[in-house]
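> For reference, the structure I am asking about is given below.
The values are calculated or read from the model by the stated rules, or taken from the named source; none is laboratory data. Keep in mind that this is a model prediction, so the values were computed, not measured. Cβ: placed from backbone, ideal geometry, glycine included. Neighbour counts: every protein chain shown. Heads up: the accessible areas ignore ligands, DNA and RNA and are worked out on the full protein's heavy atoms, side chains in. Shrake-Rupley method; radii C 1.70, N 1.55, O 1.52, S 1.80 Å.
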Amino acid sequence: MTSYYRRLTVGPTVLNIPVQPPTKSKLPVFPPRRPYNNIIQSSFGIALRSRKCWRVEATVRSAGRSEGGDGTKKAGPGQGPGPCSYSVEDRTVEVDSKRDRTVAVAVAVAVTVVLGVGNRVLYKLALVPLKHYPFFLAQLATFGYVLVYFSVMYLRYHAGIVTDEMLSMPKAPYLVIGLLEALAAATGMAAGAILSGASIPILSQTFLVWQILLSTIFLGRRYRVNQLLGCFLVTVGVVITVASGSSSGHSLKEAGIFWSLMMIVSFLLQAADTVLKEVIFLDAEKRLKGGSVDLFVVNSYGSAFQALFICLLLPFLSKLWGIPFSQLPNYLKDGAACFLNMGGTLSTGCDGAPLLPLLFIIVNMGFNIALLHLLKISSAVVSSLASTFSVPISVYIFTLPLPYLGVASSLPAGFVAGAIILVMGLLIYAWSPSDSSSAIPSPSS
């Protein structure tokens with residue numbers, strides 16, 4: 001008795017049908033019990049049994065993939081799935097990846113907001129013992145970051161997290177980052193010495209506007225209408241929250257247009273700094289073939305160049321703080337004595353040091369790292385919105401009885417209305433329509 005054995009592979013590829021010539025079967029092939037063919041279904045395929053045994057296997061694969069042998073043609077990039085093929089695998093992976101990324105961004109936003117609130121509150125507390133030495137606190141943070149960042153990068157390098165390819169990336173962008181941050185600090189200090197405290201948060205909302213414009217120009221971003229509307233509502237909400245019940249409008253008129261423009265230029269430089277960091281992350285994906293540069297590489301080199309330019313600008317910066325450059329060494333010495341709170345006449349009125357200044361530096365460092373991480377996995381605009389959201393929360397925290405601050409401040413009259421508008425703006429910005437074809441391209445895309 002003879003039998004025939006043929007194999008049919010049904011999928012997105014061309015049929016490959018090896019035919020085995022008739023051979024004598026050592027085992028008898030029993031005929032079916034019924035006059036018609038049995039159809040047996042299993043998880044491996046469909047087997048049809050008859051006197052001439054035909055074996056048909058149906059495989060389910062994603063489109064464009066083939067596991068055939070010689071002579072099997074792979075589906076081209078534009079070719080759809082075959083009659084028995086379903087492109088389910090890639091779609092499932094894509095959905096899972098998008099969901100994981102959304103969760104990661106949400107967690108990063110929450111951490112950034114919490115650290116942003118702590119950063120603002122602790123800065124106010126740190127200035128209680130160092131109320132006469134704010135310039136010393138700024139320089140301590142600037143040069144302390146260089147030491148900490150490079151130490152962490154050294155440890156991560158020996159752990160294999162930071163690679164030689166990351167360290168060999170061009171240093172020119174880091175130099176520009178340091179220059180932008182130093183100039184932003186200089187212009188911000190100059191304008192901040194003239195403007196009132198209530199007017200600065202209002203002018204700081206131009207930071208978000210600059211980021212949208214710069215990301216559109218240099219990154220080719222295209223924003224949906226709901227995203228632009230959300231950013232606008234966030235800005236309006238912050239202005240209402242901070243400026244309600246204050247004389248910020250009057251103080252802006254008294255300060256003059258020049259110093260207001262100087263502060264706006266400071267926020268322009270800060271926005272350019274964040275967009276440039278986003279460009280560095282995008283460029284690293286190309287240079288490292290899908291990889292990404294470590295956060296501490298960017299922070300370390302950026303802080304080092306910032307400290308370099310701060311040193312060059314020290315005569316100008318010390319004058320802005322009302323400190324003659326010839327007296328700067330004595331000022332820094334007295335500031336260090338107050339920071340260490342060693343006792344004596346120099347440390348009089350320095351209660352809370354060094355604990356409060358150290359807490360501020362640690363939280364500020366964590367805030368900068370969280371902000372850069374959020375920028376890396378999302379965009380500069382999203383990181384700016386997260387930072388902005390911490391403003392009304394900080395305003396509310398200052399109404400609580402905090403230690404060292406004395407009498408708590410009162411809640412602004414328009415706080416609730418401004419907070420509601422701000423939250424509405426964030427929700428509108430985060431809302432994605434069903435057809436997300438016009439969504440902003442993410443840095444990871």
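> Roughly speaking, what is the stretch gain from Thr216 to Phe316, that is 0.36 nm per residue apart minus the C-alpha to C-alpha distance, in nm to one decimal?
Fully extending the segment from Thr216 to Phe316 adds 32.6 nm.
> To the nearest 10 square angstrom, what accessible area does Val225 show with a 1.4 Å probe?
Approximately 120 Å² of Val225 is accessible to the 1.4 Å probe.
> Just subtract the alpha-carbon distance of Lys289 and Ala104 from 0.36 nm times their residue separation and send over the number in nm, one decimal.
64.4 nm
> Debye sum, Cα scatterers, segment 96-431, no solvent: what log₁₀ I/I(0) at q = 0.07, 0.13, 0.15 1/Å?
Debye output, listed in q order: -0.30, -1.12, -1.49.
> Measuring from label point to label point, each 7 Å out along Cα→Cβ, what is the Leu411 to Phe143 span in nm?
So the label points at Leu411 and Phe143 sit 4.4 nm apart.
> At a 1.4 Å probe radius, which order do Trp321, Trp259 fall into by accessible area, largest first?
Working: Trp321 95, Trp259 75 Å².
Largest accessible area first, the list is Trp321, Trp259.
> By how many nm would the segment from Ala159 to Leu261 lengthen if fully extended, with 0.36 nm per residue of separation less the alpha-carbon distance?
Residue separation times 0.36 nm, minus the Cα-Cα distance, leaves 32.1 nm.
> What FRET efficiency comes out for Arg224 versus Leu340 if R0 is 51 angstrom and r is the Cβ-Cβ distance? Round to the nearest 0.05.
Details: r = 53 Å, r/R0 = 1.03.
Computed FRET efficiency for Arg224 and Leu340: 0.45.
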